[in-house]
1. Give Ala36, Ala42, Ala16 a once-over and let me know the one that is modelled with pLDDT of 95 or more and either surrounded by fewer than 20 Cβ atoms within 10 Å (Cβ to Cβ) or not in a strand (DSSP E or B) (or both).
2. Would it be correct to say that Asp62 is surrounded by 15 or more Cβ atoms within 10 Å (Cβ to Cβ), assigned to a loop (DSSP other than H, G, I, E, B) and touching an Asp or Glu at 6+ places or on another chain (Cβ under 8 Å)?
3. State all residues of region 84-110 that are of a type outside the set (A, V, I, L, M, F, W, C), over 21 Å from Ala141 (Cα atoms) and buried (at least 17 other Cβ atoms within 10 Å of the Cβ); if no residue qualifies, say none.
4. How many residues, within region 9-24, are closer than 12 Å to Asn82 by Cα and without any contact (Cβ under 8 Å) to a residue 60 or more places away in the chain?
5. Of all the residues that make up region 55-67, how many are farther than 22 Å from Glu101 by Cβ and without any contact (Cβ under 8 Å) to a residue 40 or more places away in the chain?
6. In region 30-41, what residues are free of Cβ contacts under 8 Å to residues at least 40 places away in the same chain and within 18 Å of Val86 (Cα to Cα)?
7. Could you tell me whether any residue of region 51-64 is touching a Phe, Trp or Tyr at 6+ places or on another chain (Cβ under 6 Å) and under 20 Å from Ile130 (Cβ atoms)?
8. Would you mention how many residues in region 197-238 are crowded, with 19+ Cβ neighbours inside 10 Å, of a type in the set (Ser, Thr, Tyr) and part of a loop (DSSP other than H, G, I, E, B)?
Amino acid sequence: MTSGETERRVIVVTGASKGIGLHLAEHYLGHGHAVAGCSRGASSLKHDLYAHYQADVTDERDVSALMKGVVHRFGRLDVLINNAGVASMNHIITMPTSTAESIIRTNLVGSFLCTREAGKAMIARKWGRIVNFTTVARPLALPGEAVYAASKAGVEELTKVAAKELGSFNITVNAIGAAPVMTDLIRHVPTEKIERLLDQLAIRRMGEYRDISNVADFLISEASDFVTGQIIYLGGVC
């Protein structure tokens, strides 16, 4: 939703306490929209139109309470941005089972639960926008990212099927395939690995927060009502 579209939307951003999620929360608040953020911990973001909920996206009761709380506070729920995610670079032979399960539960199950519960609120009003997050590591099949890429492949299929199931309710579901952005997810990744990834992109640079919000603005726009089930990779995947 851009500043040119005057109607205030109620936007839920998961994983909103830092990184991309915090940027998106601040971005939409700056455009006059109401934002409900969530994370497992507290948030330092203060704004009259911002509400923060401590919730674990892998917990069904937490997610249900989050979405109901948003509707109770703001009267409706218009947009869901499923940003919460975790990653871990490990060779498949050395990946601990507990780490693999955590990645899949947060990235895939968390996106499913939030989509399902937000979808209920959107169906009631027959309008909504859902934006999921995937990664260029999925089509590039990057070594060390087997479980992370697999979880995001699941998010991509969730996106495509949910788009078909929710389309008749004027709800669109799309996904942003992010290129590396300097967040906590990749801050400790060796430089040479980042360089090898960038070598495979059409535009060889790190992603920036503005790249994410630019595509998110397009996907949640009123004018994008005919755009659904799409995966938009940033940077170009060659």
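The values are calculated or read from the model by the stated rules, or taken from the named source; none is laboratory data. Since the model is a prediction, treat every value here as computed from it, not as a measurement. Please note: Cβ atoms are built from the backbone with ideal geometry, for glycine as well, and neighbour counts cover all protein chains shown.
1. Working: Ala36 fails: either surrounded by fewer than 20 Cβ atoms within 10 Å (Cβ to Cβ) or not in a strand (DSSP E or B) (or both); Ala42 fails: modelled with pLDDT of 95 or more.
Checking each option against the conditions leaves just Ala16.
2. When the stated conditions are applied, Asp62 does not pass them.
3. Hit for region 84-110 is Gly110, nothing else.
4. 0
5. 1
6. Matches in region 30-41: Gly37, Arg40, Gly41.
7. Narrowing region 51-64 to residues touching a Phe, Trp or Tyr at 6+ places or on another chain (Cβ under 6 Å): none.
Checked region 51-64: no residue is touching a Phe, Trp or Tyr at 6+ places or on another chain (Cβ under 6 Å) and under 20 Å from Ile130 (Cβ atoms).
8. Counting residues in region 197-238 that are crowded, with 19+ Cβ neighbours inside 10 Å, of a type in the set (Ser, Thr, Tyr) and part of a loop (DSSP other than H, G, I, E, B) gives 1.
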